[in-house]
Amino acid sequence: MFTLHASFLKLTVFKLKEPPMEIEEFRKEAHKIVDWMADYLKNVENYPVRSQLKPGDIMDKLPVSAPKKGEAIADIFKDFQDIIMPGITHWQHPKFFAFFPGNSSPASLLAEMLTATLGSQCMMWETSPAATELEIRVLEWLRDALSLPNNFTGVIQDTASSATFCAILVARERITNWNVNLKGLGPNYKLTYYTSSEAHSSVEKAVKMAGIGVENLRLIPVDGAQSMDVDALKNAIKKDMANGFTPACVVASIGATGAGGTDSVQGIGEVCLANNIYFHVDAAWAGSALILPEYQHLIEGIEAVDSFVFNPHKWLLTNFDCTAHFIKNPNELKRTLTILPEYLKTREGDKVTDFRDWGIQLGRRNRALKLWFVIRSYGIEGLQNFLRNHINWSSELSVVIDKTDDFEIITNPNFSLFTFRYKPEGENDLDALNDRLIEAINDDGRTYLTRTKVDGKLVIRFQVGSTHTSRQHVMDAWDVIKEIACEV
């Protein structure tokens, strides 16, 4: 029989040469950092919107090796200000009109600080009952605010890309009676998926990750309003079925990334119901606008939808990351994703909700807390006013641009997004000209825009959505565009 010698039981205790941060030191440094945070939000407009650095500028200032001894927080924070901040693109800048917003708010930031302090891992009810039950209730608030059906159940994912991936997987399993999870996709299943040519790239990525293959993703053309052509969808499905394929899923968009186009939920839903196809709606950005009654007609036919996703972290004052994912039949989602080793079993079992079974990750942050803070701080009416201002300012500017010589509107405002381009008389290569224009605008630093293509034309996107943006910021950005256009 093996026995341990007594000498092996003597444990060596290594004493830190530098003591860990004491609570009072933490308190002092935290106050300094919070003061800096408040000053940053107050003065963010004074920074160039997009970082003006060149590739490698930050790396050149960072040591190639980690420090062997601990350093003072004051020194680390100074390097944050001197080295890191020049390399930050300021998403909270009031003249950030690029991509979609990643807006935040003081209420959200305070909640995020509490979340970080608690450091909870909220994978199951048992590991944080408050996080689970708060998430259930807050998503019921959101569901009702958006006028989604009462039989939709919500869960918070990290991003819309993850929610869409979940939908792709559930569609795969449902159409194959959950056999792919068991036996693999194999040659027996020839599944096809459908989305519009304007859909977000996350759909293609999800199809890749799910083993479906990009060759089995059908990009359906759009009409003049950038909306999926429902007749073309019908024809594609009919053709695939005739060729021995099994249509599994359609992903529709509300507020597509390029120009903000919205697909017909009603029309696509009828097609999906008629063909037993899973129907997922990606409203990542524009879903926030559904808290406005004047936009809720866009989800007529929502009863046919199997899952719906939007990002409060884009346009609802809740800092990244926080994605609201609503599912008609959560049992399908759980059946697709649940794995239950012994170490995850609890005495509550099916009596409680364990959100670890509702998404890709096992570990989960308490994202519901900041959403709770935001909704309570602003109220639904305050959030509605916030969105309506952005939509109105976008519409106002598009009219101004449309009446300006040498500029043309390409797509009218969808929510708070429109596209335009510079078109001076006698210029032949408008794509190259507008490409130079947008680079010059972004290099200037006073505002930040992005490009896309509409009907093969390179155009400039303008999207209003930042927390601190006012009407004056929108109009000032237009003055900058005109000024730089003359120089280009």
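Tallying residues that are under 15 Å from the mean Cα position of the chain (by Cα) and in a loop (DSSP other than H, G, I, E, B) within the range 245-293 yields 8. With the structure loaded, tell me whether Leu139 is within 17 Å of Val374 (Cβ to Cβ), assigned by TED's automatic domain parsing to the domain that holds Lys328 and modelled with pLDDT of 95 or more or whether it fails that test. Criteria met by Leu139.
If the condition is being in contact with a strand residue (DSSP E or B) (Cβ under 7 Å, 6 or more places away or on another chain) and either surrounded by 19 or more Cβ atoms within 10 Å (Cβ to Cβ) or part of a helix (DSSP H, G or I) (or both), then the range 190-208 contributes Leu191, Thr192, Tyr193, Tyr194, Thr195, Ser196, Glu198, Ala199, His200, Val203, Glu204, Val207. Would you point out which residue out of Met85, Met124, Met113 is surrounded by 12 or more Cβ atoms within 10 Å (Cβ to Cβ) and under 27 Å from Gly287 (Cα atoms)? That would be Met113, the only listed residue that is surrounded by 12 or more Cβ atoms within 10 Å (Cβ to Cβ) and under 27 Å from Gly287 (Cα atoms). Taken together, the criteria place Val49 among residues that are touching a residue at least 40 places away in the same chain (Cβ under 8 Å), of a type in the set (Val, Ile, Thr), touching a Lys or Arg at 6+ places or on another chain (Cβ under 8 Å) and surrounded by 13 or more Cβ atoms within 10 Å (Cβ to Cβ). Criterion first (over 27 Å from Leu273 (Cα atoms), under 23 Å from the mean Cα position of the chain (by Cα) and modelled with pLDDT of 90 or more) does Ala368 satisfy it? So Ala368 passes the test. Please work out if Thr452 is at pLDDT 95 or above and among the hydroxyl-bearing types (Ser, Thr, Tyr). Criteria not met by Thr452. Filtered by the rule that a residue be hydroxyl-bearing (Ser, Thr, Tyr) and either in contact with a Gly (Cβ under 9 Å, 6 or more places away or on another chain) or not assigned by TED's automatic domain parsing to the domain that holds Asn412 (or both), the range 434-465 gives a lone residue, Thr452.
Would a scan of the range 443-462 turn up a residue that is in a helix (DSSP H, G or I) and either surrounded by fewer than 19 Cβ atoms within 10 Å (Cβ to Cβ) or in contact (Cβ under 8 Å) with a residue 40 or more places away in the chain (or both)? Yes, the range 443-462 contains at least one residue that is in a helix (DSSP H, G or I) and either surrounded by fewer than 19 Cβ atoms within 10 Å (Cβ to Cβ) or in contact (Cβ under 8 Å) with a residue 40 or more places away in the chain (or both). Note on the range 412-430: among residues that are under 18 Å from Asp455 (Cβ atoms), over 23 Å from the mean Cα position of the chain (by Cα) and in contact (Cβ under 8 Å) with a residue 12 or more places away in the chain, the one that is surrounded by the fewest Cβ atoms within 10 Å (Cβ to Cβ) is Lys423. Determine, yes or no, whether Ser470 is hydroxyl-bearing (Ser, Thr, Tyr) and surrounded by fewer than 17 Cβ atoms within 10 Å (Cβ to Cβ). Here the answer is yes, as Ser470 does meet what is asked. Entry remark, the range 353-411: residues being free of Cβ contacts under 8 Å to residues at least 12 places away in the same chain and in contact with a helix residue (DSSP H, G or I) (Cβ under 6 Å, 6 or more places away or on another chain) number 1 in total. Answer with yes or no whether Thr346 is at pLDDT below 90, outside any helix (DSSP H, G or I) and surrounded by 15 or more Cβ atoms within 10 Å (Cβ to Cβ). Spelling it out, it is not the case that Thr346 is at pLDDT below 90, outside any helix (DSSP H, G or I) and surrounded by 15 or more Cβ atoms within 10 Å (Cβ to Cβ).
The values are calculated or read from the model by the stated rules, or taken from the named source; none is laboratory data. The shown structure was predicted, so the numbers you read here are calculated from the model rather than taken from an experiment. Cβ coordinates were reconstructed from backbone atoms using ideal geometry, including for glycine residues, and neighbour counts include every protein chain displayed.
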